[in-house]
Each structure stands twice: as structure tokens, then as C-alpha cells.
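J.: Got a structure for you, questions after.
Values in this text are rule-based calculations from the coordinates and carry no lab data. In this text, all values refer to a predicted model and were calculated from it rather than measured experimentally. Cβ placement follows ideal geometry from the backbone for every residue including glycine, while neighbour counts extend to all protein chains displayed.
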Amino acid sequence: MSLNYQSVEDAELVTLAAEGRESAYRELLSRYERPVFSLIYRMVRNRTVAEDLAQEAFIRTFNAIDTYNPQYKFSSWIFKIANNLTIDHLRKRRVPTVSMHGAPDAVTPEAQARTSLVVQSHAESPEEYVQNRELAGQIEAAIGELREEYRVVVLLRHIEGHTYDEIARILDIPLGTVKTYLHRARAELKLRLAEA
Amino acid sequence: MNSDRSSHGRHLDDDAIQSLLDAVERRVDAETESARRHLADCRVCQARVDAWQEVFGELGQLRRFAPPGRFAERVLSGIELPGEAASPSRAWSWGRLRRWLSRTAADAHLSGRRLQDLADGALARKRATLARAHLATCTDCEDRLAGWRRLIATLEALPSFAPPAGFAERVMARWREMAEETTGRSRAARAWRLWPRSPRGWVLAGTLTGMPVAAFAAAAAFLSTVPQLTTGGLVTYLWWQARDALSALGSSVLAAVMQSGAAFRAYSLADYLIASPATAVAAAAGFTALMFSSIWVLHRNIGFPRFALRHVHS
């Protein structure tokens, strides 16, 4: 007998999932695949990486479903896992490099390589730019230029609609810091949009 | 009174003239009377009095400004009424200071943070009320608030992105794979947990495994001391004993079944089923359904190790 899980609350779905019901896992996945993917995609700005990270976030959540604390919202929990993974990825990320020509007196390729200046670049590669055209709008570009801490609070507040308290819990930071990040982030966005 | 002399006495200095003009309506004393008498005859002092009168006239025509809105209300809320208990500390209490600050805040322009909070609905009720009171009279702040509201509306209108097609299926498949791997690892981990890790553990494990070996060795050593006993003879003896025991067990079970009448009833039932084709077909269908159900249960449990997943913790 199959149950209709669409009207079931998240906390109850988690209980059913912990009992081993695959349909409950599927329902949780269908509810959160879009918001989790969107958040990660706007953070890493690369669809392939975002898909890998979102998949990892769901797998970690499902594997630890027995440890879920129903006192808090399931959405806060899964966003916390997704955000931690994303921040880890962004910190570990090997940024693409741009190599300038070597010294003027370097004639052999080896000498050029030895004396070349390597500058780290945070810009998107041409392939990424083509991939990420959906993030090319003014507001999306402005969001992309925000610091990671600012970006995530803006996304959680204004796109995912979390409260300040929930954001503080997701990011493990004090409520006052959430407010400060939001104020600064919005001020930067306003400035960037005015300049554009 | 320092003044130069004239034919009518000393001239009036600036202080005396200002006192004379101030005293027109308020004060008439001996000094004023003396000054007036001098003024009546001295053209120089009359000219200076005229100049001062002009200054006084201009000052008297200065415009009066009205206080800001709800000024009287705010003043009244700040004073102690006769019925209230007055205490020395009350005049500088934190509550009064806060009220004073909030009144000052109501008059001042709103900061960007406050406007953002108001636009986002995150401002406390009292502060929001004060902010709205200011906004009602300040178009500049109202315009700035509209700017923040536009920004928030733009952010909230941004679309969410769907993951690539088949994302959910890939997640579920990967999750199953990982769960199976984890289940295998957990079995190995359970086995590994039994491995002794301390000298006492090794002594216990050695005792448990050594005792049966030692018992068997002792029995073998004892039997080897009996001269008539050979290995072939011992094996033959044990074989006969086992065969006799099994034969006796089989005979007793068969006798018990025959005596209970169960075999007869089973034979009668089989005979009846074979004699009735409809019953035989129904029995065959039931058997087939039972077989398929068993296959389905096996498939579900082997295909998706859900019971093992409950023990996965990462």
C-alpha cells in the first residue's frame, strides 16, 4: 500500500524515513532538491560542482537521519549540512591560474616557465561563463561579487525565506552577526546596482 | 556712568541709552529721569538713541518658529505629575534617558540599518512606530526606504534553479551504493571488535579456544594408553554407534506418526485433491501465488538494504 506523503509534515517524514521507508526519503528529496541546489549553485556558480555538492548534502542528511533533532526545522538542518559542504568546497577550491610571460631574457621554454609570473584569478573561466549565463543578470552578478558570508545570508533570507534566528542556527553564528552581515550585504548590493 | 561733558551735562553712554530704552515701559527711577532731562536738550544723544531704537525695533520683529509636531505631548509625557511619587534618582533614570533618546531619534533621519530592518519587517514594534512617525514627515527617508524595498523585492523575485534531470534518481542510487558499502564495512568492523586487544583478552580467547582442544587431546591420550584399542577399531565402533542411534530415532519417529493417524489423514486429503480437478487447480494457483510472493519479498530485501541503513551514522 502506498501512502500519499505530499501532505505529511517534514518531521513526520523524517520519522518514516528513519523507519526505512524509501518513499519518505524520496518525498524529502523532491521537496528540497530545488532549494538546496539553488543555494549551492548561487554560492559556487558552477552547475556541475553544485550538483555534486547537493548530492553529497542529501546523502549525508539521509545517512544521519537518525540523529535529526525534531526541535528544529528539517529545512534548517539540511541547509546547514549543504552550507557546511559548500563552504568547505570554497575554502579548498584550487582557483584557476593565469600565467604571464617569463622574463625578457628567458629564451628557452624552461626559463620562461621558471621566471613566469603566476597570478591567481577568481574570475570564471570562459567555459564557466557560458555555463552560468543564467547567473548573468545584474542582480545575480552583484550577488556573485559579495563575500561568501554575506552572499549566503542574503540567499537564505531573501530567496529561501528563513528567519534571522534560523539563519543564525544554520550558519552557527550569533543573531547580531546575521543582522550585520545582512545590512552590509544589502548595502553592497545597492551600491553595486547603482553603479551598474 | 562714563560720558563726555556737554553744555547740558554728561552725554549718555551706550549702557545708559539701552537702560533708558528698556525702561520705557518697565522702570522709572531717578537715573532714568536724569537721562531723560539730558536727552531733551542734547541732539547728539538724541541721534544715538534713534540708532539704538532702530536696533531694538528690528530685534522685536524677528520671526517666531513653531515647535515640531506633538511637541507639547512629548513635553507633558516627560514631566512628573503632582500625583506621582518623585524620587531624586528618577530625574536621571535610564527609562527617562531612553525616552529622551527615542524622542531625539524620532526627529533625526533614519539610518540605513533601520530603514533596511523596517523594509525587511525586522524592526521591533516600538522602533517601527517611531520610524513611521518620522517617515510621515520626512520625504528623504521615505525615498530611501522605497529604495531598500525595491532591492528586497528584486531579491525575493529571483528564481530558484532546478537541478539537472535525473538528479533525485542519481542521489538515491548513490545513497544505496554507499549504504551497501557501509553495511559491509560495519560487518567487518563488528568482527574486528571481537579481536582481543589486551593481555587479559588474549588469555580469555586462548582459554576459550584451548579448552576443547585440550579436552580432545586428553581423551586421545587416554585412549592411546589402552593396548587393545586401535584407531580403525575406534572409528568402526563410533560409526556403528551413530548408525544404531539414527536408526532407532527414525523408527521411533515413524512409529509415532503412524500411531497418530496423521499419515492416513494426509493420504486421504491427497487422494481427495487428485480426485477433484477444480480443487487441484486452486491448490496449484495458491502455490504459484505463494511462490511469487516469496520471490517479491526476497527481491525487495536484497535489492534495497533498508534495515541495514538504520545503523548508518556518519
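J.: Ordered by packing density, taken as the mean number of other Cβ atoms within 10 Å over each peptide's residues, highest first, how do A:147-160, A:6-19, B:110-123 rank?
T.: Most protected by this proxy first, the peptides run A:147-160, B:110-123, A:6-19.
J.: Set the Förster radius R0 to 51 Å, insert the Cβ-Cβ distance between B:Trp195 and B:Ser252 as r into 1/(1 + (r/R0)^6), and round the FRET efficiency to 0.05. Spell out each step's value before the answer.
T.: Details: r = 45 Å, r/R0 = 0.89.
Approximately 0.65, to the nearest 0.05.
J.: Residues of A:73-84, mean number of Cβ from any other protein chain within 10 Å of their own Cβ, rounded to a whole number?
T.: Counting other chains' Cβ atoms within 10 Å and averaging over A:73-84 gives 0.
J.: Take each of the peptides A:165-177, A:28-40, B:231-243, average the number of other beta-carbon atoms within 10 Å over its residues, and list them starting from the highest.
T.: The packing order, highest mean first, is A:28-40, A:165-177, B:231-243.
J.: Which whole number gives the average count of other chain Cβ atoms within 10 Å of the Cβ atoms across peptide A:160-168?
T.: Mean partner shielding for this stretch: 1.
J.: Can you give the FRET efficiency to the nearest 0.05 for B:Val297 and A:Ser7, using r as the Cβ-Cβ distance and R₀ = 30 Å?
T.: Once rounded, the FRET efficiency stands at 0.55.
J.: Can you tell me how segment B:211-252 classifies by the Cα gyration tensor, rounded, prolate or oblate, using a/c under 1.5 as the rounded cut?
T.: Note, shape of segment B:211-252 comes out oblate.
J.: Output the peptides B:201-209, B:150-158, A:54-62 sorted from most to least packed, where packing is the average of other Cβ atoms within 10 Å over each peptide's residues.
T.: Highest mean packing first, the order is A:54-62, B:150-158, B:201-209.
J.: Identify all lysines with a Cα-Cα distance to A:Lys92 below 20 Å; exclude those on the same chain that are fewer than 8 residues away in sequence.
T.: Output for A:Lys92: A:Lys80.
J.: How many partner chain Cβ atoms sit within 10 Å of a residue's Cβ in peptide B:163-174, on average, as a whole number?
T.: Mean inter-chain Cβ contacts per residue within 10 Å come to 5.
J.: Cα to Cα, under 24 Å, and not fewer than 8 places away if on the same chain: which lysines meet these conditions relative to A:Lys73?
T.: A:Lys179
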